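Please read the structure below before turning to the comments.
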Amino acid sequence: MSKTPFVITIDTEGDNLWARPREITTRNVACLPRFQALCERYGYKPVYLTNYEMAMCDAFVEFGHDVLARDAAEIGMHLHAWNSPPLHPLTDDDFHHQPYLIEYPAAVMKEKIKTMTGLLEDRFNRRMVSHRAGRWAFDGRYAAMLLDLGYRVDCSVTPGIDWSGTPGAPDGSGGSDYTDFPHHPYFMSPADIAAPVSAGLLEVPMTVHLGALYRQAPWMYRLPLVRWGAKKVAPPPRWLCPTPFCEKHNLHAMLQLARRKRAVGASHMEFMFHSSELMPGGSPAYRNASDIERLYEHLEILFEELSIWCRGMTLAELHAEMKRLPEATPVRNGIGQHAPPVPA
């Protein structure tokens, strides 16, 4: 029996964006080699979904060139609308509100996606084919724009999770509602991103398990005064992520989720994390060196168990397998212009 595809996705972005900083630093780049080495020990290839400030960081670009030259990782695109050029203010303070890209006019959306794609392709001399939306906000317009630029795979869907109660722009309607979306990889059409079709943009949903109480009353886990009691009755959604809802050190929950998915024959497993969570003080959940050491202890246990029944793949490799295409991806310098491969 073949092993289950296991995709490691890293939202590769500036330090502690939860604090909504005006000036974004990228010191967490120095912490990536240790994580990369851990993944390589198990034969896993992380997908570094990269946003604007990291694409502009020379240290990260040097790191990215190395892992790409060794075929040890993938670089994809991750877009935070509030600081990704061209800048078009949407609120009275975009750095505070962090509006969703899908709240901007379509013309602005398209220009931001095109600009970010061109920047990444210029910096890494590779065609961008994989993507995750900032703050998980996705819709059919977004999917169509990605397809127009040659993207093949997205991983923005969190099945069963409704983000409409999480605000972006103050006068907006919140994030995307993925309540009735599939849990397995599927090709989507911009006409209906929840409905599987025979061809289109491949969606690789986040690995999530929903408890019965959350399925019936998800609002209970969003209200501060009610959330504590709801968690006592039944746990919140379980993600294959060390810090969902900023609950750090949840090794037991991740192992439970992995074992449950193995028992039902999961089509894939997708792990996610933020690059800044690998750095002491880079996030609310991991404040010091001892937090990071405990994180790595847990990652080793999780990765070891998954290695028994999973095989590491990038998003591009999973797409190639599902389409039965060669895994090698043509490189481009900018949008639509071919260029030689990155030198070793």
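Laboratory data are not the source of any read-out in this text; all were calculated from the coordinates shown. In this text the structure is predicted, and so the values were computed from the model without any measurement. For neighbour counting, all protein chains shown are included, and Cβ atoms are generated from backbone atoms with ideal geometry for every residue, glycine included.
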Open item on the list: Over the range 31-130, what is the relative contact order in percent, taking alpha-carbon pairs closer than 8 angstrom and at least six residues apart?
Closed with: 28
TODO: Please identify, among D15, D139, D148, the residue showing maximal mean-square fluctuation in a Gaussian network model of the chain using a 10 angstrom Cα cutoff.
DONE: D148
- [ ] Taking H placed 1.01 Å from N in the peptide plane, check which residues at least 5 places from C310 or on another chain put their amide H under 5 Å from its amide H.
- [x] T4
Task: Percent RCO, i.e. relative contact order, over the chain, from Cα pairs under 8 Å lying at least 6 residues apart - done: 24
- [ ] Under a 10 Å cutoff between Cα atoms, tell me which one of A19, A194, A81 has the largest fluctuation in the Gaussian network model of the chain.
- [x] A19
Open item on the list: Taking amide H atoms as placed 1.01 Å from N in the peptide plane, list the residues 5 or more away in sequence, or in a different chain, whose amide H sits under 5 Å from that of E74.
Closed with: V47, Y48
Open item on the list: How would K114, K261 line up from fewest to most surrounding beta-carbon atoms within 10 angstrom?
Closed with: K114, K261
Open item on the list: How large are Rg and Dmax for the chain when calculated on the C-alpha trace, in angstrom?
Closed with: 19.0, 57
TODO: Take the alpha carbon atoms of the range 50-102, find their center, do the same for the range 285-319, and report the distance between the two centers in whole angstrom.
DONE: 23
TODO: For the chain, give the magnitude of the charge dipole about the Cα centre (Cβ charges: +1 Lys/Arg, -1 Asp/Glu; no others), in debye to the nearest 20.
DONE: 860
TODO: If a/c stays under 1.5 just call it rounded; otherwise compare a/b with b/c (prolate if a/b is bigger, oblate if not). Do that for the range 252-330, with a ≥ b ≥ c from the square roots of the Cα gyration tensor eigenvalues.
DONE: oblate
Open item on the list: Need the list of aspartates and glutamates near K323 for cross-linking: C-alpha distance under 14 angstrom, and skip anything on the same chain fewer than eight residues off.
Closed with: E203
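Once you sort the root eigenvalues of the Cα gyration tensor of the range 43-173 as a ≥ b ≥ c, which label holds: rounded (a/c under 1.5), prolate (a/b larger than b/c) or oblate (the other case)? Can you show the working numbers first?
Details: a/c = 1.86, a/b = 1.59, b/c = 1.17.
Here the range 43-173 falls in the prolate category.
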